Amino acid sequence: MRLYDKKKIDWNNILFNNRALFLLLVPIIVEQLLNSFMGMVDTMMVSTVGSEAISAVSLVDSFNNLVVQVFSAMAAGAAIICSQYLGSGDERAANNAARQVVLTVAVIALTVLLVCLLGRERLLRFIFGEVEDGVMAGCLVYFLITVLSYPFLALFSVGAALFRAGGNSRFPMKVSVISNILNIAGNAVFIYVFRWSVAGAALATLISRVFSMAVIFYHLRKPRQVIVIRDYGQIRPDMPLVWKIMAIGIPSGVENGMFQFGKLAIQSTVSTMGTVAIAAQAMTNIMESLNGVFGVGVGIGLMTVVGQCIGAGRREEAKYYIVKLTGIAWAGILASCLFVFAITKPVTWLAGMETEAAAMCLEMVLAITIMKPLVWTGSFVIAYGLRAAGDVRFSMIVSTITMWCCRVALCIFLVRVYHFGPMAVWIGMFADWTVRAVIFCWRFQSGRWLHGMKAG
């Protein structure tokens, strides 16, 4: 089985040599790692307030992640288009596309902000149902403040994606690092000094996101960047280009949105199991996110690489990079899973988790450590490369079907029929990963993904 044709690649003139890949991928991986690590520290700090506080934060964050992923997907759509334009040598078109996506995301983000503010209580009660009164009170406070950060987070995601599309992943990493440190420092002050509990955690998040957005857009104005955006007030909609961007961004947004909506359905099921189960699941989610950051970082970098290859008309080279980076991601996932499992017990102890919740978390992380290296890379990293070539509709359809048929339906079935605890979530997750990996590996081998959209 031939994955790519070595004879069709000019090895003396490849777009990304090992050094270029290293310089692109390492900052992205570091950024993802620090974001997850800071998320874990954030959770640990909130958990010291009590189980009700961490339960409230974890429930609201499950919805916040839905919004975050939709905006991240739209940003990825812009990055794909811009990468393809840059690969073809058309920097002017890349800059024009960047301006349009900034305008589009800003309008959508403000709309989402208003909708969530006006209907926040009804929305939370609809999603999470009847949870304990103390948990719901914390949810309402935390949601009110974090909703205000949506536009800033959305625009930062776009700005960071534009830097990466131009091959500069170091600067977004630096901004993210400083932002995370600011978030943790804010948590320490607001939670421990002012005793503001979940409100303090939310306020620290808001401040850090405002900072990130301001810095990233200030630097996008500088002419030395590959992609430069200035005179924001003069940006006017270019509808043909907007629709071209949305043709990639909307399917990716729907895919990520359905993914997170499925997680909300699962979270709603977990919320009926009691505070201990919610707390155990919240920490397990953090640990699973941590052991996946290497693979996610490689996948994000792969989008830039494949996008530029497609823009330059180097399809065989695009195949080569998908194979190469998938292998790198697998090795990183294996090492990450083993490391995270080793630190899980100390982390639950430092977080002050209740004994029952900590034991439940350790059991779930063990299962993840066994299954994730086997199937996760094929189910996610390859898909990043396919999307970068414009094969976004197929990815959306597959991911949506496997999410709801494997992950959500199986989880609910195991809970309602066989009275499983939160482990049902991960059994459904493993089934989803496995089916998805088989399908995406077949799709790559078939070559049909190369007939996706190309900027031009």
(message) As an exercise: evaluate Leu86 against (1) of a type outside the set (D, E, K, R); (2) surrounded by fewer than 16 Cβ atoms within 10 Å (Cβ to Cβ); (3) in contact (Cβ under 8 Å) with a residue 40 or more places away in the chain and give the number of the one condition it does not meet.
(response) (2)
(request) Scan segment 120-127 and give yes if some residue there is closer than 19 Å to Asn256 by Cα and touching a Leu at 6+ places or on another chain (Cβ under 7 Å), otherwise no. (result) yes
(request) Starting from segment 358-375, take each residue that is among the hydroxyl-bearing types (Ser, Thr, Tyr) and list its partners that are at pLDDT 95 or above, counting only C-beta distances under 7 angstrom and pairs at least six apart or across chains. (result) Thr369/Cys337; Thr369/Leu338; Thr369/Phe341
(request) Sort through Ser176, Ser212, Ser157, Ser169 and tell me the only one that's farther than 25 Å from Ser268 by Cα, modelled with pLDDT of 95 or more and of a type outside the set (Phe, Trp, Tyr). (result) Ser212
(request) Would you confirm whether any residue within segment 87-97 is under 23 Å from the mean Cα position of the chain (by Cα) and of a type outside the set (Phe, Trp, Tyr)? (result) yes
(message) Any residue at all in segment 28-35 that's part of a helix (DSSP H, G or I), buried (at least 19 other Cβ atoms within 10 Å of the Cβ), acidic (Asp, Glu) and out of contact with any Pro (no Cβ under 6 Å at 6 or more places or on another chain)?
(response) yes
(message) Name the residue that is modelled with the highest pLDDT, counting only residues in segment 399-418 that are within 18 Å of Ser379 (Cα to Cα) and among the hydroxyl-bearing types (Ser, Thr, Tyr).
(response) Thr402
(request) Please enumerate the residues belonging to segment 227-249 that are within 24 Å of Phe394 (Cβ to Cβ) and touching a residue at least 24 places away in the same chain (Cβ under 8 Å). (result) Leu241, Val242, Lys244, Ile245, Met246, Ala247, Ile248, Gly249
(request) Quick one: Met74 ticks every box in (1) surrounded by fewer than 24 Cβ atoms within 10 Å (Cβ to Cβ); (2) in contact with a helix residue (DSSP H, G or I) (Cβ under 7 Å, 6 or more places away or on another chain); (3) closer than 19 Å to Ser169 by Cα; (4) not basic (Lys, Arg) except a single one, so which number is it? (result) (1)
(request) Test Leu124 against the criterion of being surrounded by 13 or more Cβ atoms within 10 Å (Cβ to Cβ) and of a type in the set (A, V, I, L, M, F, W, C), and give yes or no. (result) yes
(request) Taking Leu114 as meeting all but one of (1) surrounded by fewer than 16 Cβ atoms within 10 Å (Cβ to Cβ); (2) not in a helix (DSSP H, G or I), write down the number of the exception. (result) (2)
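The values are calculated or read from the model by the stated rules, or taken from the named source; none is laboratory data. Bear in mind the structure is a predicted one, so any value in this text is a computation, not a measurement. Cβ coordinates were reconstructed from backbone atoms using ideal geometry, including for glycine residues, and neighbour counts include every protein chain displayed.
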